[in-house]
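*Asks:* Quick one: this structure, given as structure tokens, is what I'll be asking you about.
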Amino acid sequence: MLRLGSYRRAQEMRAIIALCAMVVAAVQAEAGSQLWRVEAPSYHRVVRALEDDGDVDVWAGTADHCKVLVEGSASTRVVRALAEADIGHSVEVEDMMALVEQERTHMQERRRKRAAQPMDWTSYHDMDDIEGFIGWLNSTGGDLVQVASPTRSVEGREVLVLRINDPSSQGVKKKKIWIEGGIHAREWISPAVSTFLMYQLVTNPEWRDLLKVTEWYIVPVANPDGYQFSFSSQSARLWRKNRRDNGVSERCKGVDLNRNWDFKWGVGASANPCSETYKGVNAFSEPETFGLQQMMRTIPDIDLFITFHSFGQTVLYPWGWTRNAPSNAMQLKRLAKAFTDTVKQTSLGKVDYDIGGSGPLYGLASGATDDWAYGELGIPFSYTIELPDQGTHGFLLPENRVSSTVIESAAGVHCMVSLLANSGSCARRRTRNPSSIRFRG
Ligand code: 0X9
Ligand code: ZN
């Protein structure tokens, strides 16, 4: 089952796809996109309807307001709908594309200064870099690492899963951990955290004790097409879904892979391909989700599932499809607190997370991996971790926040897993500063 795919073929395909993406990208997010504060929660019927119609993209929310991205061409419709329901709004970011442009300029400057093609955690990396890094980790890690390619994406990219396991430690019943990264394309900090976890597990001697009693499966980028597309141009930077052609238009491409899992499929999701939360034609219609669930099913008794998203600084536990608490909510909260306390300590009090059920905190939405892992596979500890920040930069978390975020998150995960595996305490551990790591792909 475990094999290393052909990178050459994938590389050729990528070159063609990149070229196509450049041609079509101009019709993605338009100049004139604005971030609005709307004085109603994201689950208000009017906001839901606007999201379903693809007129707004909900970015964040609380019980009394939400932040939505509005494209220039939809703004008249949105203003009218809000006014009719007597819902106030204000513009928070006048020109979202200017922020995207700013990010790109910064990234280009940093790239000019650094060596060619290194993998590090002081910047964001596209699929080529990540696949190169996985190849390197596979050869460096010896028998600790196996690379599986359970499925290909809509555009033919391999969806890679790294199994990290120490075969020399046998005879113990190891805790099994499945980490999912990059299911939403624009949430770039998620693959950064996932790849950093791999790097720590394989190269950091301080993680060795933990590896004796645990076995890891890490998907760095569950949505490789969407992720690569989000690197292809400024107008594609805020892409969320995969790249499925829904037969409508360029703008209406893609299925939200976090609404496509076969558990309460359709709850809090849209049937409209133009919506950011489009659920697909049926559950597991997408090769990315279908292939990943197939592989997950082959691994008996996974103990912990974490999917990394951004943004919000929240640890979410099931359910997303109902506001009711799950039966082991107390234990879920306790383990979540191990993560949030460690992050707070590691960040010297600067990074504070909230903890809560997805449904009560974010409004009902399912077809998401976390609910499926918990409800269908019976994984007792299942979480969505919304990484930093709390909305200052949102999806455009600057590259100078990458290293601190990956260090803090890895420390948090280490603590959760130590508790779960009864292996040592959560005392602060030394993590190599990722800016000093250089890998040549
Ligand atoms: O809506 C989502 O898919 C996640 N938030 S994000 O802003 N990253 O898109 C939250 C998913 C939480 N889990 C469930 N609702 N089941
Ligand atoms: Zn997400």
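*Asks:* Do we have I177 as in contact (Cβ under 8 Å) with a residue 24 or more places away in the chain, closer than 16 Å to Q293 by Cα and part of a strand (DSSP E or B) here? Give the steps one after another, and end with the answer.
*Replies:* Values: in contact (Cβ under 8 Å) with a residue 24 or more places away in the chain: yes; closer than 16 Å to Q293 by Cα: yes; part of a strand (DSSP E or B): yes.
So I177 fits the description; yes.
*Asks:* How many residues does the range 134-156 contain that are in contact with a strand residue (DSSP E or B) (Cβ under 9 Å, 6 or more places away or on another chain), among the hydrophobic types (A, V, I, L, M, F, W, C) and open to solvent by 20 Å² or more (accessible area, probe 1.4 Å)?
*Replies:* The qualifying residues number 2.
*Asks:* What tally of residues in the range 255-275 results from selecting those that are touching a helix residue (DSSP H, G or I) at 6+ places or on another chain (Cβ under 7 Å) and under 19 Å from V68 (Cα atoms)?
*Replies:* Here the count works out to 5.
*Asks:* Quick check: anything in the range 209-229 within 14 Å of ligand 2 (Cβ to nearest atom) and over 30 Å from S418 (Cα atoms)?
*Replies:* The answer is yes; a qualifying residue exists.
*Asks:* When you scan the range 63-144 for helices (runs of 4 or more DSSP H) that lie fully inside it, which ones turn up with 3 or more residues that are at pLDDT 95 or above?
*Replies:* Answer list for the range 63-144: 75-84, 127-140.
*Asks:* Shifting gears a bit: Taking the criterion of being of a type outside the set (S, T, Y), within 16 Å of ligand 1 (Cβ to nearest atom) and closer than 30 Å to T342 by Cα, would at least one residue in the range 223-233 satisfy it?
*Replies:* Within the range 223-233, one or more residues are of a type outside the set (S, T, Y), within 16 Å of ligand 1 (Cβ to nearest atom) and closer than 30 Å to T342 by Cα.
*Asks:* In the range 213-270, how many are in a loop (DSSP other than H, G, I, E, B) and of a type in the set (V, I, T)?
*Replies:* 5
*Asks:* Within the range 329-365, can you find the residues that are in a helix (DSSP H, G or I) and open to solvent by less than 20 Å² (accessible area, probe 1.4 Å)?
*Replies:* Across the range 329-365, the qualifying residues are A329, L332, L335, A336, A338, F339, T340, T342, V343, S358, G359.
Here is a yes/no grid of residues against (1) open to solvent by 40 Å² or more (accessible area, probe 1.4 Å); (2) modelled with pLDDT of 95 or more; (3) within 16 Å of ligand 2 (Cβ to nearest atom); (4) aliphatic (A, V, I, L, M):
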| position | (1), (2), (3), (4) |
| --- | --- |
| L257 | no, yes, yes, yes |
| K264 | yes, yes, no, no |
| Y278 | no, yes, yes, no |
| T289 | no, yes, yes, no |
| D303 | no, yes, no, no |
| S310 | no, yes, yes, no |
| W319 | yes, yes, no, no |
| S327 | yes, yes, no, no |
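*Asks:* Just checking, does the range 47-70 include any residue being on the phi > 0 side of the Ramachandran plot and away from ligand 1 (no atom under 16 Å from the Cβ)?
*Replies:* no
*Asks:* A further question on this structure: Do you know which of the residues in the range 88-128 that are open to solvent by less than 20 Å² (accessible area, probe 1.4 Å) and not hydrophobic (A, V, I, L, M, F, W, C) is farthest from R401 (Cα to Cα)? Lay out the reasoning, then the answer.
*Replies:* Quick first cut of the range 88-128, residues open to solvent by less than 20 Å² (accessible area, probe 1.4 Å) only: 96, 100, 118-121, 123-125, 127.
Then keep just the ones that are not hydrophobic (A, V, I, L, M, F, W, C); that gives 118, 120, 123-125.
On the way: P118: 18, D120: 13, S123: 9, Y124: 11, H125: 14 Å.
This residue is P118.
*Asks:* Please work out if M330 is farther than 25 Å from V193 by Cβ and either within 13 Å of ligand 1 (Cβ to nearest atom) or not acidic (D, E) (or both).
*Replies:* yes
*Asks:* Say we look at the range 273-288 and pick out the residues that are within 16 Å of ligand 1 (Cβ to nearest atom) and touching a residue at least 60 places away in the same chain (Cβ under 8 Å); which of these is farthest from R45 (Cα to Cα)?
*Replies:* This residue is E288.
*Asks:* If I filter the range 359-370 for residues that are within 16 Å of ligand 2 (Cβ to nearest atom) and among the β-branched types (V, I, T), do I get at least one hit?
*Replies:* Checked the range 359-370: at least one residue is within 16 Å of ligand 2 (Cβ to nearest atom) and among the β-branched types (V, I, T).
*Asks:* Looking only at the range 25-59, count every residue that is buried (at least 17 other Cβ atoms within 10 Å of the Cβ) and at pLDDT below 90 and tell me the total.
*Replies:* Final tally of qualifying residues: 3.
*Asks:* Are any of the residues in the range 184-193 within 16 Å of ligand 1 (Cβ to nearest atom), touching a Phe, Trp or Tyr at 6+ places or on another chain (Cβ under 7 Å) and over 19 Å from T369 (Cα atoms)?
*Replies:* Scanning the range 184-193 turns up at least one residue that is within 16 Å of ligand 1 (Cβ to nearest atom), touching a Phe, Trp or Tyr at 6+ places or on another chain (Cβ under 7 Å) and over 19 Å from T369 (Cα atoms).
The values are calculated or read from the model by the stated rules, or taken from the named source; none is laboratory data. Because the structure is predicted, anything quoted here is derived from the model rather than measured. As a convention, Cβ positions derive from the backbone with ideal geometry for all residues, glycine included, and neighbour counts pool all protein chains shown. In case anyone asks, the SASA skips ligands and DNA or RNA and just uses the protein heavy atoms, side chains included. Shrake-Rupley method; radii C 1.70, N 1.55, O 1.52, S 1.80 Å.
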